[in-house]
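Trainee: Can you read through this structure? Questions will come right after.
The values are calculated or read from the model by the stated rules, or taken from the named source; none is laboratory data. Fair warning: this is a prediction, and the values are worked out from it, not measured in the lab. A quick note on method: Cβ atoms are made from the backbone with ideal geometry, for glycine too, and the neighbour counts reach across all protein chains shown. In case anyone asks, the SASA skips ligands and DNA or RNA and just uses the protein heavy atoms, side chains included. Shrake-Rupley method; radii C 1.70, N 1.55, O 1.52, S 1.80 Å.
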Amino acid sequence: GQEFAIPANRRYTTLSGYRRLLEQKLDAVVIESPPYFHPEQAAAGIAAGKHVYLAKPVAVDVPGCQTIEATGKAATDKKLCFLVDFQTRANDSYREVAKRVHDGGIGKIVSCDASYACGPTFTSLDQLLRKSPTDPETRLRAWGIDKRISGDIITEQNIHAIDVACWMLNGHPEKAYGTGGRTRDFIGDCWDHFAVIYQFPKGVFTSFNSKQVGGGFDDIQCRVYGDNGTADTHYFGKVVLIGDDPFNGGTMTNLYTEGAVRNIGDFHKAVTQGPIDNSTVAASVASNLTTILGRTAAYKGTEVTWDEMLRAAEKMDPQLGGLKS
């Protein structure tokens, strides 16, 4: 508040502080809070008549995803813009590769391979929580290493790669089998590696793996193999299509920033000029549910179907006791 010269009476705190913000004369709100809170805060924003710009992931559990889906429909009915910020979906090279895959540019899709590999993430939050491991406010500030508030790494971060797979395959999986675990010495309860096999319609299998431990290799990628070519996309590398009609989308140099800038521009244009179609919502809900399907299968160490996941509708308990409401 001091850094940005915000008057003290406009620094809204506590878990319900966002409601005081929504009472103000605003056109739009940006939601960059811990993922558990996204469904509640997005719904409140649209209900208050504000346009909403939401960070991914949209939710940490199935009920949260269903709330976001309903909020998206409500936003469209009220002619409000509701945009979810995925950088890859805003990039022209990614868009062109996806279009070509959908148009048969690599032939019949055979299989898909996606991964998210990096070293330890949120080390600073682990160090913060170690100082006051029983303090509820510190735990909230260290949300990135708490699976109930973040959704675990497969939902909070690995979704970047899984979203591209769902986009390229133009759908969501029918079932998944998974595994994973914890090896890094973090005080939080998030896992640091996952391995999931997804089965998409028409018998198309996608192998996904991730790790946020160790060093030596970093990549966020998705490859789609067809019987007449391959789509090869990397968040920090090349985006290409190899086949009879090849496409070289170039090398991504700063996709995180460039994608956000593009999305902010699209958001502003939709708000001020239209049209408002809120097309990012349904796709984001589908990929978010795909991460939850993989997480559920990995936690249980067994096969879980899409329909079983939806019927169970398991809700994450954020355990927010001790915090000011």
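Trainee: I need the full set of residues from the stretch 172-218 which are open to solvent by less than 10 Å² (accessible area, probe 1.4 Å) and polar (S, T, N, Q), in order please.
Mentor: The answer is T206, S210, Q212.
Trainee: Out of the stretch 235-246, which residues are surrounded by fewer than 19 Cβ atoms within 10 Å (Cβ to Cβ) and within 19 Å of the chain's Cα centre (by Cα)?
Mentor: Of everything in the stretch 235-246, just one residue is surrounded by fewer than 19 Cβ atoms within 10 Å (Cβ to Cβ) and within 19 Å of the chain's Cα centre (by Cα), namely F236.
Trainee: Does any residue of the stretch 5-20 turn out to be at pLDDT 95 or above, part of a loop (DSSP other than H, G, I, E, B) and closer than 24 Å to I276 by Cβ?
Mentor: For the stretch 5-20, residues at pLDDT 95 or above, part of a loop (DSSP other than H, G, I, E, B) and closer than 24 Å to I276 by Cβ: absent.
Trainee: Within the stretch 64-83, can one find any residue that is under 18 Å from S287 (Cα atoms) and over 19 Å from the mean Cα position of the chain (by Cα)?
Mentor: Yes: the stretch 64-83 contains one or more residues that are under 18 Å from S287 (Cα atoms) and over 19 Å from the mean Cα position of the chain (by Cα).
Trainee: Now a separate question. Yes or no: the stretch 165-176 includes at least one residue that is of a type in the set (G, A, S), touching a Gly at 6+ places or on another chain (Cβ under 8 Å) and under 17 Å from N288 (Cα atoms).
Mentor: The answer is yes, given that some residue of the stretch 165-176 is of a type in the set (G, A, S), touching a Gly at 6+ places or on another chain (Cβ under 8 Å) and under 17 Å from N288 (Cα atoms).
Trainee: For the stretch 50-64, give me the residue count where each residue is in contact with a Leu (Cβ under 8 Å, 6 or more places away or on another chain) and within 22 Å of G259 (Cβ to Cβ).
Mentor: Going through the stretch 50-64 one residue at a time, the tally reaches 4.
Trainee: Mind checking which helices (runs of 4 or more DSSP H) fall wholly inside the stretch 254-325 and carry at least 3 residues that are charged (D, E, K, R)?
Mentor: Qualifying helices (runs of 4 or more DSSP H): 255-272, 306-312.
Trainee: Quick check on my filter: what residues within the stretch 247-289 are more than 18 Å from Q221 (Cα to Cα), within 17 Å of the chain's Cα centre (by Cα) and without any contact (Cβ under 8 Å) to a residue 40 or more places away in the chain?
Mentor: The one that is more than 18 Å from Q221 (Cα to Cα), within 17 Å of the chain's Cα centre (by Cα) and without any contact (Cβ under 8 Å) to a residue 40 or more places away in the chain: S279.
Trainee: Also, I was wondering about something else. Any idea which residue in the stretch 224-242 is nearest to V101 (Cα to Cα), counting only those that are of a type in the set (F, W, Y) and either touching a residue at least 24 places away in the same chain (Cβ under 8 Å) or in a strand (DSSP E or B) (or both)?
Mentor: Y225
Trainee: Checking the condition out of contact with any Gly (no Cβ under 7 Å at 6 or more places or on another chain), farther than 30 Å from M252 by Cβ and open to solvent by less than 10 Å² (accessible area, probe 1.4 Å), which residue from G49, G1, G72, G17 passes? Steps first, answer last, please.
Mentor: Working: G49 fails: open to solvent by less than 10 Å² (accessible area, probe 1.4 Å); G1 fails: open to solvent by less than 10 Å² (accessible area, probe 1.4 Å); G72 fails: farther than 30 Å from M252 by Cβ.
From the options G49, G1, G72, G17, the qualifying one is G17.
To keep it simple, each residue is scored yes or no on (1) out of contact with any helix residue (DSSP H, G or I) (no Cβ under 7 Å at 6 or more places or on another chain); (2) surrounded by fewer than 18 Cβ atoms within 10 Å (Cβ to Cβ); (3) modelled with pLDDT under 95.
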{"residue": "A98", "(1), (2), (3)": "no, no, no"}
{"residue": "G107", "(1), (2), (3)": "yes, yes, no"}
{"residue": "A117", "(1), (2), (3)": "yes, no, no"}
{"residue": "Q127", "(1), (2), (3)": "yes, yes, no"}
{"residue": "A142", "(1), (2), (3)": "no, no, no"}
{"residue": "I145", "(1), (2), (3)": "no, no, no"}
{"residue": "T155", "(1), (2), (3)": "no, no, no"}
